[in-house]
Amino acid sequence: MTAPELSVVVPAFNEQGNVGHLVDEIAAALRGRIAFEMVFVNDNSKDGTLAELREAQKRHPELRVLSHETQSGQSTAVRNGIKAARGAWIATLDGDGQNDPADIPKLLEERSKAPADVKCFAGWRTTRKDDAGKRISSKVANAVRSRLLRDATPDTGCGLKLFERELFLELPYFDHMHRYLPALMQRAGWRTVSVPVNHRPRGAGASKYTNFGRLMVAFADLQGVAWLIRRSKRTVVREFDKA
């Protein structure tokens with residue numbers, strides 16, 4: 001079987017009512033544009049998420065469904081989906097449907113124009129469709145992160161991203177790492193670009209994070225990522241042919 005060029009990886013926990021429509025939207029955005037697959041990772045949902053994905057498989061041969069035996073969190077779901085993916089490039093989306101799959105071609109277009117050392121294209125939600133509390137907590141977290149990490153990324157929390165699979169799997173893994181992907185890519189020596197994208201209201205269900213809990217986790221993780229950046233070391237390696 002020929003490997004697709006692009007794998008779209010989507011983590012989902014208790015997203016019944018969102019994932020089936022999201023599968024349809026991804027297929028509509030990409031079919032005929034690029035060889036792709038969809039890898040949805042069900043993080044041990046307690047509702048009908050898995051059944052909805054299994055039903056969507058009947059409509060879309062590009063859809064693969066993975067399921068965790070125990071709930072493991074978004075970063076682990078993303079990483080397991082990427083490990084299972086067959087495409088050389090990965091696009092990620094949140095499972096709640098707030099990221100617009102129609103923006104994936106926009107990221108692919110940016111990739112086609114970018115220098116070879118740009119390996120991560122991060123979505124930038126310029127107009128958030130969240131409540132005021134969530135927007136404020138996100139603004140505070142982004143401001144603190146930007147000052148501490150200097151990653152020149154205005155919206156690192158956007159789930160919509162495009163990057164090389166091989167490079168992602170070389171990055172240090174930890175819970176919530178998906179929120180720091182641009183900084184981690186820059187730490188590895190690659191450039192990143194932020195691309196304005198659409199943002200939509202949640203269709204069904206509820207957010208899995210409280211504003212206070214999100215901020216507390218973000219501040220703790222920031223210290224760890226800042227330490228990783230301070231302790232990083234890169235060097236150019238040359239190999240000589242036999243004389």
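The values are calculated or read from the model by the stated rules, or taken from the named source; none is laboratory data. In this text the structure is predicted, and so the values were computed from the model without any measurement. Note that we place each Cβ from the backbone using ideal geometry, even for glycine, and neighbour counts take in every protein chain shown.
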Could you tell me which numbered condition Arg145 fails, if it satisfies all but one of (1) modelled with pLDDT under 95; (2) closer than 30 Å to Gly17 by Cα; (3) buried (at least 18 other Cβ atoms within 10 Å of the Cβ)?
(2)
Consider only pairs whose beta carbons are under 6 Å apart and that are at least six residues apart or on different chains; among these, list those whose first residue lies in the range 225-243 and is part of a loop (DSSP other than H, G, I, E, B) and whose second residue is among the charged types (D, E, K, R).
Ser232/Arg187
Within the set of pairs 6 or more residues apart or between chains, which connect a residue that is within 17 Å of Met38 (Cα to Cα) inside the range 68-86 to a residue that is among the acidic types (Asp, Glu) and at pLDDT 95 or above with Cβ atoms less than 6 Å apart?
His68/Asp43; Ala77/Asp43
Need pairs with beta-carbon distance below 8 Å; first residue at pLDDT below 95 and within the range 1-17, second hydroxyl-bearing (Ser, Thr, Tyr); sequence gap 6+ or separate chains.
none
Scope the range 91-132; condition polar (S, T, N, Q) and in a helix (DSSP H, G or I); matching residues
Ser112
If you go through the range 57-77 one residue at a time, how many are touching a Pro at 6+ places or on another chain (Cβ under 8 Å) and basic (Lys, Arg)?
0
Among the residues of the range 79-136, which ones are of a type in the set (Lys, Arg) and at pLDDT 95 or above?
Arg79, Lys83, Arg86, Lys106, Arg111, Lys113, Lys119
Only residues in the range 39-60 that are more than 18 Å from Pro4 (Cα to Cα) count as the first member; pair them with residues that are part of a loop (DSSP other than H, G, I, E, B) and hydrophobic (A, V, I, L, M, F, W, C), Cβ under 9 angstrom, at least 6 apart or cross-chain, and list the lot.
Asn42/Phe13; Asp43/Phe13; Asn44/Phe13; Ser45/Phe13; Lys46/Phe13; Thr49/Phe13
Note on the range 94-127: residues closer than 22 Å to Gln186 by Cβ and polar (S, T, N, Q) are Ser112, Thr126
State yes or no: is Ala51 within 19 Å of the chain's Cα centre (by Cα), modelled with pLDDT of 95 or more and among the small types (Gly, Ala, Ser)?
no
